[in-house]
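Okay, so here's the structure we're looking at.
The values are calculated or read from the model by the stated rules, or taken from the named source; none is laboratory data. Note that the coordinates shown come from a computational prediction; the quantities given were computed from them, not determined experimentally. Cβ atoms come from the backbone with ideal geometry, glycine included; neighbour counts cover every protein chain shown. Quick note on the areas: whole protein, heavy atoms, side chains included, nothing else; ligands and nucleic acids left out. Shrake-Rupley method; radii C 1.70, N 1.55, O 1.52, S 1.80 Å.
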Amino acid sequence: MDASTYTLTTAPPPLEEYLALRQLSGLTPKRAEQAGPALANSWAWRTVQTQSGQTVAMGRVVGDGGWYFLVADMATLPEHQKKGLGRAVLSALLDEISDRAPAGAYVTLMADLPGQRLYEQLGFKRPTNGSISMHRRIG
């Protein structure tokens, strides 16, 4: 990530930028009533902004502060991809977990195909104990 072009921050993006970044980067679009609590209640945030203040990449951690931590909302606008922004966001989030969480913290994420290589490079592994990802959507 070029520090003369981008700034990494610990603040969540504004609501409108969060919604746009999710949609434009290919994540499932969300509504404002879903996004508001996500912005307010996350354990940690990292956003990348341009010099003009536009949020172009983000990621967050949802967690209990003890030992469960979920990396979510990893997204970069297409025109800013392949510049190390996702790596900078995820590395900073993992560093914060390492610094603030007790030893033995369990960090998980849902690895969509485009991000799998990055996640593996930063130490994430596929379960070898027969575990699979499962989910249930409400409503």
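Computed with a 1.4 Å probe over protein heavy atoms only, the accessible surface of segment 6-122 comes to 54 Å² per residue.
With both labels modelled 7 Å from their Cα along Cα-to-Cβ, the residue 24 to residue 131 distance reads 3.5 nm. The stretch between residue 16 and residue 54, if pulled fully straight at 0.36 nm per residue, gains 12.6 nm over its current Cα-Cα span.
Once all protein chains are placed together, residue 87 keeps about 100 Å² accessible to a 1.4 angstrom probe. Using the Cβ atoms and a cut-off under 11 Å, what net charge is assigned to the surroundings of residue 73, where Lys and Arg are +1 and Asp and Glu are -1? So the environment of residue 73 carries a net charge of +4. Note on the chain: Cα-only Rg and Dmax are 14.8, 47 Å.
Of the accessible area of the chain, computed with a 1.4 Å probe over protein heavy atoms only, carbon and sulfur atoms account for 53 percent.
A Gaussian network model of the chain, with springs between Cα atoms under 10 Å, assigns the largest mean-square fluctuation among 111, 44, 57 to 111. Given +1 at the Cβ of Lys and Arg, -1 at the Cβ of Asp and Glu and no other charges, the dipole of segment 6-122 around its Cα centre is 200 debye to the nearest 20.
Pairing the Cα long axis of helix 32-41 with the longest principal axis of the chain, what angle in degrees results, from 0 to 90 and rounded to the nearest 10? Orientation of helix 32-41: about 70 degrees from the principal axis. Could you give the angle, 0 to 90 degrees to the nearest 10, between helix 15-24's Cα long axis and the longest principal axis of the Cα atoms of the chain? Value to nearest ten degrees: 80. Placing a label point 7 Å from the Cα of residue 41 along the Cα-to-Cβ line, the residues of segment 50-81 whose backbone N sits under 20 Å from it are 59-74.
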